[in-house]
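Engineer: After the structure tokens below, expect a handful of questions from me.
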Amino acid sequence: MHDPLPDWVPRRRHQIGLQIRNARRTAGLSQMTLGERIGRDHKTISRWENALTAPDLTDLLLVADALGVPLADLVR
């Protein structure tokens, strides 16, 4: 049985999702377009932005590159 996640983990996941959403909107991209650029379904982008799931490091690198932002801006 797994230990429950510390309280701060869901909060950080939510913050990262908001950072992805804000960067995507600033870049003028839809979830569909971002998904196409990084090879992910738009539903996956939605799940990240709504903190239902978390992107892995590779996904974060792809998102940062597609949006033209430093990786640190997404996880700050």
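Engineer: Using a 1.4 Å probe on the protein chains only, how many percent of the accessible area of the chain belongs to carbon and sulfur? Intermediate values should be presented prior to the final figure.
Structural biologist: Values: 2720 of 5020 Å².
Using a 1.4 Å probe with all protein chains present, the chain comes out at 54 percent carbon and sulfur.
Engineer: Please determine, in degrees from 0 to 90 and to the nearest 10, the orientation of helix 57-67 with respect to the longest principal axis defined by the Cα atoms of the chain, where the helix direction is its Cα long axis.
Structural biologist: 30 degrees
Engineer: Counting only residues 5 or more places away or on other chains, whose amide H sits under 5 Å from the amide H of Thr53 once H atoms are built in the peptide plane?
Structural biologist: Result for Thr53 returns Trp48.
Engineer: Here's a follow-up. In deg cm²/dmol and to the nearest 500, what is the mean residue ellipticity at 222 nm of the chain if only DSSP H runs of at least 4 residues count, each as -39500 (n - 2.57), divided by the residue total?
Structural biologist: Values: 5 runs with 51 residues, N = 76.
Computed mean residue ellipticity for the chain: -20000 deg cm²/dmol.
Engineer: Which angle between 0 and 90 degrees, to the nearest 10, do you get for helix 8-26 versus the longest principal axis of the chain when only C-alpha atoms count?
Structural biologist: Tilt relative to the chain: about 10 degrees.
Engineer: List, largest first, the extents of the alpha carbons of the chain along their principal axes, each in whole Å.
Structural biologist: Computed over the Cα atoms, the extents are 39, 23, 18 Å.
Engineer: I'd like the Kirkwood hydrodynamic radius of segment 30-74, using the inverse of the mean 1/r over distinct C-alpha pairs, in Å. Please report the intermediate quantities before stating the final value.
Structural biologist: Values: mean 1/r = 0.0964 Å⁻¹.
For segment 30-74, the Kirkwood estimate is 10.4 Å.
Engineer: Could you provide, to the nearest whole Å², the per residue accessible area of segment 1-52 with probe 1.4 Å?
Structural biologist: On the way: 3690 Å² over 52 residues.
Heavy-atom SASA per residue in segment 1-52 reads 71 Å².
Engineer: Relative contact order for the chain: what percent, with Cα pairs under 8 Å and sequence separation of 6 or more? List each step's numbers first, then the result.
Structural biologist: On the way: 65 pairs, mean separation 26.6, N = 76.
Value for the chain: 35 percent.
The values are calculated or read from the model by the stated rules, or taken from the named source; none is laboratory data. Here the structure is a predicted model, which means the values were calculated and not measured. Side chains included, ligands, DNA and RNA excluded: accessible areas come from the protein's heavy atoms. Shrake-Rupley method; radii C 1.70, N 1.55, O 1.52, S 1.80 Å.
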